[in-house]
Amino acid sequence: MSDWSTPDDIRNRVRREWDNCHILAAMLGGEPVFPMRIPLKKPNTKALSEYFELARQWVAELTAAAGFQLEWREFNHRQLGRNRVPVAAIVESEQDGLALIGKLRDAAKFRELAATISGIYPALVPWLRKRPLAVLDHAENWPRLIAVLDWIVRHPRSGVYLRQIDVQGVDTKFIESHRSLLGEMLDIVLPPEAIDTQFAGANGFALRYGFKPKPVQIRFRFLDQKLCIQGLSDITVISDEFARLALAVKRVFIAENEINFLAFPEVPDSLVLFGSGYGFDHLAQAEWLQSREIFYWGDIDTHGFAILDQLRSKLPAVHSLLMDRATLLEHQAFWGGEDSPTARELERLRPEESALYDDLRFNRIAPALRLEQERIGFAWVEAALVGAGFR
């Protein structure tokens with residue numbers, strides 16, 4: 001019958017032990033898996049009476065299968081007399097189990113790789129037990145992975161760019177595509193003082209292990225011709241240089257959309273920054289911004305206000321621009337939907353901003369409402385700047 005155990009069910013049970021890494025972990029001293037006893041779903045006495053011929057075929061199929069032994073139980077049946085049925089499959093050895101699921105070659109490869117890796121870095125043995133399938137997934141890359149580990153161990157907190165790791169056959173792309181895997185091992189083989197634990201994950205790899213991170217680029221555009229530097233109005237500099245500029249402007253606008261950044265109207269004594277969503281640590285380094293009027297222009301949706309709230313954690317005096325109820329209602333024809341709205345509490349919004357944010361996050365105006373900043377009419381933008389006395 002369909003619910004009686006089959007040879008495939010037995011193979012699948014062993015395969016789960018492989019997928020859960022138990023078989024490979026046992027090769028390195030983990031808890032033994034074999035011999036493995038697998039209870040069978042079998043016909044009961046009623047089914048034996050009603051489906052005796054099917055039951056005989058079921059027994060024959062199990063008996064003919066290779067890779068496991070059967071544990072039998074005898075019973076006396078009122079109609080059929082003395083009989084026996086298999087109640088469990090016994091996979092006696094690791095070799096039998098691996099052969100049953102077709103993993104003999106993979107297991108041999110893992111033994112070879114684990115011996116090589118643990119021979120160089122014995123501290124990685126617990127990691128090898130925990131992550132054996134990752135070892136196999138990257139089988140062809142281990143010579144280069146170990147070479148990178150060796151270089152970093154010899155040059156802890158080197159202060160160079162990843163590009164400057166001098167290992168034959170290794171480029172920046174290889175390191176960046178294996179950051180998570182390398183990070184798991186570096187956390188084990190490096191001394192604690194070589195790891196900056198405030199940084200984590202693939203994006204924090206460089207700073208965590210003492211490499212020079214790719215510098216943040218800040219792009220800004222002067223909105224007043226007299227401020228241009230040798231005729232240049234649209235300029236991109238690294239964040240450290242931006243922090244030292246102390247530009248002679250009164251106002252700084254931040255626009256999240258590039259076209260809005262490029263088309264932002266002329267405003268005396270002002271510049272516009274091209275925003276970058278969440279994350280404003282690079283702006284906080286520019287202390288001169290604290291003495292300027294700053295205006296943030298983002299989408300009118302829950303994340304737009306969340307970004308404004310986060311920006312105020314770095315620049316508390318920042319104002320919002322064109323993120324008001326009048327702008328939203330004026331552009332109803334351009335309303336859209338927000339994919340993944342947020343509903344968290346935002347403590348740094350001002351009363352009118354907070355009221356609109358609440359209406360958005362609680363869907364009081366429309367479900368998941370969003371007005372993208374590039375949808376706002378240019379005449380409306382200019383009128384807002386005039387109304388605020390900027391032009």
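The values are calculated or read from the model by the stated rules, or taken from the named source; none is laboratory data. It should be emphasised that the depicted structure is a prediction, and the values quoted were computed from it without experimental measurement. Reconstructed Cβ throughout: ideal geometry from the backbone, glycine too, with neighbour counts over all protein chains shown.
Quick notes on this structure:
- Boolean, I300 is touching a Ser or Thr at 6+ places or on another chain (Cβ under 8 Å), over 30 Å from A248 (Cα atoms), surrounded by 14 or more Cβ atoms within 10 Å (Cβ to Cβ) and in the same structural domain as A246 (by TED's automatic domain parsing): yes
- Looking across the stretch 345-372 at every residue that is touching a strand residue (DSSP E or B) at 6+ places or on another chain (Cβ under 8 Å) and surrounded by 15 or more Cβ atoms within 10 Å (Cβ to Cβ), the one that is nearest to A255 (Cα to Cα) is identified as E372.
- Checking A123, A108 one by one, the residue that is among the aliphatic types (A, V, I, L, M), surrounded by fewer than 13 Cβ atoms within 10 Å (Cβ to Cβ) and over 30 Å from the mean Cα position of the chain (by Cα) is A108 and no other.
- Residue match in the stretch 358-366 (condition: in a helix (DSSP H, G or I) and more than 29 Å from the chain's Cα centre (by Cα)): yes
- Filter result for S270 (surrounded by 16 or more Cβ atoms within 10 Å (Cβ to Cβ) and among the hydroxyl-bearing types (S, T, Y)): yes
- Of all residues in the stretch 194-215 being surrounded by fewer than 16 Cβ atoms within 10 Å (Cβ to Cβ), at pLDDT 90 or above and of a type in the set (D, E, K, R), the one that is nearest to G183 (Cα to Cα): D196
- Test: residue in the stretch 292-313 that is assigned to a strand (DSSP E or B) and farther than 21 Å from R370 by Cα: yes
- Restricting the search to strands (runs of 3 or more DSSP E) fully inside the stretch 24-95 and requiring at least 1 residues that are of a type in the set (D, E, K, R) and at pLDDT 90 or above gives 36-39, 69-77.
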